[in-house]
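See below for the structure under consideration.
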Amino acid sequence: MTKEEIIKPENLVYKKPTLMNDNPMHYCPGCSHGVVHKLIAEVIEEMGMENQTVGVSPVGCAVFAYNYLDIDWEEAAHGRAPAVATAIKRLWPNRLVFTYQGDGDLACIGTAETIHALNRGENITIIFINNAIYGMTGGQMAPTTLVGMKTATCPYGRDVTIHGYPLKMTEIAATLEGTAYVTRQSVHSVPAIRKAKKAIRKAFENSMNGKGSNLVEIVSTCNSGWKMTPVAANQWMEEHMFPFYPLGDLKDKE
Amino acid sequence: MAEEVLLMKGNEAIAHAAIRFGTDGYFGYPITPQSEVLETLAELKPWETTGMVVVQAESEVAAINMVYGGAGSGKMVMTSSSSPGVSLKQEGISYLAGAELPCLIVNVMRGGPGLGTIQPSQADYFQTVKGGGHGDYHLIALAPASVQEMADFVGLAFDLAFKYRNPAIILADGVIGQMMEKVVLPEQRQRLTDEEVIARCPWAAHGKQEGRKPNIITSLELDPSIMEKRNIHLQEKYAEIEANEVRYEEINCEDAEYLIVAFGSCARIAQKAMELARAEGIKVGLLRPITIWPFPSKAIAERAKQVKGILTVELNAGQMVEDVQLAVKCSIPVAHYGRLGGIVPAPDEVINALKEKLIK
């Protein structure tokens, strides 16, 4: 096949979503954020919502999400993204409103905002990146850090007698009357990426159809924080994260 | 048609005025002595009439961040609380100031520190005008002294907030929030349409329109050279507000030999004290700051040329008195009289303080 044939539109098999701009990402090589950003961009484009979407970015590694996806954004205070999103959606009901939060932001400092926005049934989607560590601040213990897992603030491993237990926010969310769709996904393989994209699409559609609130957890790697190569981090996630944070839909109010 | 004169609490007047002014959203959390704001809104159900959104949030923290979200989308939004709740809001207020978002915050002050008391106080003056949250910022701060001003300042605060893209605060005290007075409410206005909001706030994040670049609402900038410029821009804006928006009221100042400076409920007490003092032959004038930031420093400095001394009357241990001292640059004696912990002084106490601290 010649170059001229390859670049014919009918032979196109993959392209970067138009909403993703060319700004160099600050994420570490191997990090899951880039893949999830791309899936969100693809879903927004496929839904034709490029000019009707407001994202709310967190405090954490994804604080600069607004630098990479060409939609309107509000950058929230640490943990408060669901409150920020609540107001945007209530005041602009025909907009697609989502938050993008990490485990520290969502499951620790923002636990109250997360639970109450979900339980009010706000027609928003919360994308929850769970990599079991505080990435941005340099790898401290998160509410989701596994028992025994070593971080900068539990260097001898998470000890439940000192640090308590990891929090399963997605399981909590599934018990709330206000939630429509609660799911746990990952993006470590091509099949997983496809499933995660379907989940984001369903959550975003629910948000627009008034079905209630939606939580999509993405069990993710932080190879820098975990001090592993990207490949080893994916393996470690499968072996250690998935048994405690099993993948799949926890609630789907059809 | 004659104006309809109603009798209501200051807190109720805030709620009525918010609906009448076309506010898009209110986000609050119950706390004494301001809970009537949220209660009145819930009773009036403006979502069925003007389309105003009313949300009882899970905390004051969530409420102020809902204000951030709504204000960042260009809508006219507000919250109200009382001192401990307003302390919780300070992080959000700093973010609102940093992202330059117009909004209205109402603080119906109660006594502190800590859980303190539910009785009236003016001890949040420092918090309101000297920062409160982190970083170099100012709020446009209005201090109502009547139920009528509670109603009138809702619209004024929103107008100033949108004029300067800056959060505005109504700093009331428990007396003004709880007392009932006559009030004439503003005419009912239509809320702005989405198109009008988009036209008024081309910077807002509400889903980018065709052909527009994304709007990003943030207070974050890691490049110090850009962050310094942002701060300088804020300081220039604050200087403009200080030049244009100082508001105050002067009563009997023309021939005054002594001046009382007081805001909010204390100005009402001081006015009575002034009348009683004048009946005794002491020529007292009253200067009431209406904006406590920007502060009427020039007006006070001007009166300092004429009077022998200034007494501030405050429901605190001496806060605004520092701004008065700065204004007059120690050219004349400046004293403070205050009651603490929820006690409201009587007019004769104020006269006695004036005599003891300045005349004797």
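A compact table of results
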item: Mean projection area, nm², convex hull over Cα of the stretch B:249-359; result: 5.9 nm²
item: Inter-label distance, nm, simple model (7 Å from Cα along the C-beta direction), A:Leu12/B:Ala279; result: 8.6 nm
item: Förster-model FRET efficiency, 45 Å R0, B:Leu340 and A:Ala152, C-beta, rounded to 0.05; result: 0.50
item: Percent antiparallel among DSSP beta bridges (both partners in the stretch B:203-360, rounded to 5); result: 25 percent
item: Cα-based radius of gyration of the stretch B:15-89 once divided by 2.2 N^0.38 Å, which approximates compact folds; result: 1.01
item: Of all DSSP beta bridges in the protein assembly as shown, antiparallel share, percent nearest 5; result: 25 percent
item: Compactness index (Cα Rg / 2.2 N^0.38 Å), the stretch B:196-316; result: 1.64
item: Exposure proxy order (Cβ contacts within 10 Å, fewest to most) of B:Thr193, A:Thr179, A:Thr18; result: B:Thr193, A:Thr18, A:Thr179
item: Nearest-ten-degree value, helix B:60-72 long axis tilted from longest Cα axis of chain B; result: 60 degrees
item: Dipole moment magnitude, nearest 20 debye, the protein assembly as shown about Cα centre, only Lys, Arg, Asp, Glu C-beta charged; result: 760 debye
item: Amide H contacts of A:Asp249 (H built 1.01 Å from N, under 5 Å, at least 5 apart or other chain); result: A:Arg184
item: Among the listed pairs A:Lys89/A:Lys202; B:Lys298/B:Lys357; A:Lys15/A:Lys227; B:Lys229/B:Lys329; A:Lys202/A:Lys253; A:Lys16/A:Lys195, those beyond 22 Å (Cα-Cα); result: B:Lys298/B:Lys357; A:Lys15/A:Lys227; B:Lys229/B:Lys329
item: Spherically averaged projected area of the protein assembly as shown from its Cα convex hull (nm²); result: 33.0 nm²
item: Computed E for B:Ala239/A:Asn23 - FRET, C-beta separation, R0 56 angstrom, nearest 0.05; result: 0.95
item: Where labels lie 7 Å past Cα in the beta-carbon direction, separation of B:Ala317 and B:Asn352 in nm; result: 2.2 nm
item: Long-range HN-HN contacts of B:Gln122 with modeled amide H, under 5 Å; result: B:Leu315, B:Asn316
item: Where chymotrypsin sites (Phe, Trp or Tyr not before Pro) fall in DSSP loop in the stretch A:101-177, at most 14 other Cβ within 10 Å; result: A:Tyr156
item: Exercise: per-residue mean of other protein chain Cβ atoms within 10 Å, A:25-31; result: 0
item: Dipole magnitude of the stretch B:5-194, debye to nearest 20 (Cβ charges: Lys/Arg +1, Asp/Glu -1, about Cα centre); result: 160 debye
item: Chain A - charge dipole about Cα centre, Lys and Arg +1 at Cβ, Asp and Glu -1, debye rounded to 20; result: 260 debye
item: Antiparallel content of DSSP bridges confined to the stretch B:5-194, in %, to 5; result: 20 percent
item: Rule-of-thumb Rg ratio for chain A [Cα; 2.2 N^0.38 Å; N residues]; result: 1.00
item: Segment B:Glu195-B:Lys298, length gained on full extension (0.36 nm per residue, minus Cα span); result: 32.9 nm
item: Under 5 Å, built H, 5+ apart or other chain: amide partners of A:Leu96; result: A:Thr53, A:Val54
item: 5 Å binning of all Cα-Cα separations within the stretch A:28-143, expressed as whole percents from 0 upward; result: 2, 12, 24, 24, 20, 12, 4, 1
item: Exercise: per-residue mean of other protein chain Cβ atoms within 10 Å, B:217-226; result: 3
item: Positive dipole terminus of chain B, leading residue within B:Gln319, B:Gln178, B:Leu160 (C-beta point charges); result: B:Gln319
item: Whole-Hz couplings from phi, Karplus 6.51/-1.76/1.60, listed for the stretch B:212-222; x for Gly and Pro; result: 9, 6, x, 9, 10, 9, 7, 10, 8, 7, 8
item: The stretch A:104-180: equivalent-ellipsoid semi-axes (sqrt of 5 x gyration tensor eigenvalues, Cα, Å); result: 26, 13, 9
item: The stretch B:42-63 versus the stretch B:274-327: alpha-carbon centroid distance in Å; result: 39 Å
item: Simple spin-label estimate for A:Lys227 and A:Val190 in nanometres, 7 Å along Cα-Cβ; result: 3.5 nm
item: 3J(HN,Hα) from dihedral phi, the stretch B:273-286, Karplus parametrisation 6.51/-1.76/1.60, rounded to Hz, x for glycine, proline; result: 4, 4, 5, 5, 5, 5, 5, 8, x, 8, 7, 10, x, 10
item: Nearest-0.05 FRET efficiency for B:Ile118 and B:Leu6, computed from C-beta distance (R0 22 Å); result: 0.30
item: Radius, Kirkwood style, for the stretch A:143-192 when every pair of distinct Cα atoms is counted (Å); result: 13.2 Å
item: GNM flexibility winner over chain B from B:Pro214, B:Pro186, B:Pro33 (Cα, springs under 10 Å); result: B:Pro214
item: Inter-chain shielding of A:61-69 (mean C-beta neighbours from other protein chains, 10 Å cut-off); result: 2
item: Convex hull of the stretch B:5-194 built on C-alpha atoms - directionally averaged projected area, nm²; result: 9.3 nm²
item: Most fluctuating residue given options A:Ala76, A:Ala132, A:Ala142, as computed from a GNM of chain A linking Cα atoms under 10 Å; result: A:Ala76
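Bear in mind these aren't lab numbers, they're just calculated from the coordinates by the rules spelled out. Predicted, not measured: the structure shown is a model, and the values here were computed from it. FYI the Cβ positions are ideal-geometry reconstructions off the backbone, even for glycines, and counts take in every protein chain you see.
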